[in-house]
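**Q** Just dropping this structure here.
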Amino acid sequence: MISKTLEKELNNQLNAELYSAYLYLSMAAYLSQKNLNGFSNWTKVQFEEEQSHANKLFQYILDRGGKVELKQINQPKSEWNGIIDIFENILKHEQYITSRINELVDIAMSEKDHATVALMQWYVNEQVEEEATVSDILDQLKLIEGKGSGLFMLDREAKQRVFKPIN
Ligand code: FEO
């Protein structure tokens, strides 16, 4: 069994992952409307990834004999100021998620709940990867000032991204 505190915090994180999925889906719609179909694909793949992050928590709460409680998902933004603004927002959002994950690790450690620490370690590593990928894309977008043939090339590259199921 997990403690009531961890059950609550894991359910909150489940909600945060579903909100992340929703945010990326909103970005995918915006980018498609701007004819950036490669980046729209990239954010759509991220939408799928976030759902799998949520599902991993969902299964873990159940596996530990906890209660899954689905909460309301906040409405995401639907307008941004272009592609650089999108990736700046993504980076900020992922940094926020990282801080939440770190807090969850702290709680699990303070409770000596080794299984939850091990689970959250997976999320810690995932966040390192996500932040690095997003930072790279943001740097490249800034280099080309988010426009012209450079943007065309990056958009084409972003179209190649495919969803890979997680364990
Ligand atoms: Fe679920 Fe973007 O981390």
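The values are calculated or read from the model by the stated rules, or taken from the named source; none is laboratory data. These numbers were taken from a predicted model, which means no experiment stands behind them. Reconstructed Cβ throughout: ideal geometry from the backbone, glycine too, with neighbour counts over all protein chains shown. Accessible surface is based on the protein model in full, side chains and every heavy atom, while ligands, DNA and RNA are left aside. Shrake-Rupley method; radii C 1.70, N 1.55, O 1.52, S 1.80 Å.
**Q** Residues Leu104, Leu91, Leu25: which one is outside any loop (DSSP other than H, G, I, E, B), within 16 Å of the ligand (Cβ to nearest atom), more than 26 Å from Leu151 (Cβ to Cβ) and open to solvent by less than 70 Å² (accessible area, probe 1.4 Å)?
**A** Going through Leu104, Leu91, Leu25 in turn, just one is outside any loop (DSSP other than H, G, I, E, B), within 16 Å of the ligand (Cβ to nearest atom), more than 26 Å from Leu151 (Cβ to Cβ) and open to solvent by less than 70 Å² (accessible area, probe 1.4 Å): Leu104.
**Q** Could you tell me which of the residues Phe47, Phe39 is within 10 Å of the chain's Cα centre (by Cα) and outside any loop (DSSP other than H, G, I, E, B)?
**A** None of the others qualify; the one that does is Phe47.
**Q** Here's something else I'd like to know. Within region 1-22, restricting attention to residues that are away from the ligand (no atom under 16 Å from the Cβ) and not in a loop (DSSP other than H, G, I, E, B), which residue is most open to solvent (accessible area, probe 1.4 Å)?
**A** So the residue we want is Lys4.
**Q** Would you point out the residue of region 44-55, among those that are near the ligand (Cβ under 9 Å from one of its atoms) and not acidic (Asp, Glu), that is farthest from Gln160 (Cα to Cα)?
**A** Ala54
**Q** Follow-up. If Asn41 passes every condition in (1) in contact with a helix residue (DSSP H, G or I) (Cβ under 7 Å, 6 or more places away or on another chain); (2) within 16 Å of the ligand (Cβ to nearest atom) but one, which one does it miss?
**A** (2)
Table: residues versus (1) open to solvent by less than 80 Å² (accessible area, probe 1.4 Å); (2) assigned to a helix (DSSP H, G or I).
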| position | (1), (2) |
| --- | --- |
| Trp80 | yes, no |
| Met109 | no, yes |
| Glu130 | yes, yes |
| Thr133 | yes, yes |
| Asp139 | no, yes |
| Val162 | no, no |
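**Q** Could you tell me whether any residue of region 105-128 is of a type outside the set (D, E, K, R) and within 23 Å of Phe39 (Cα to Cα)?
**A** Within region 105-128, one or more residues are of a type outside the set (D, E, K, R) and within 23 Å of Phe39 (Cα to Cα).
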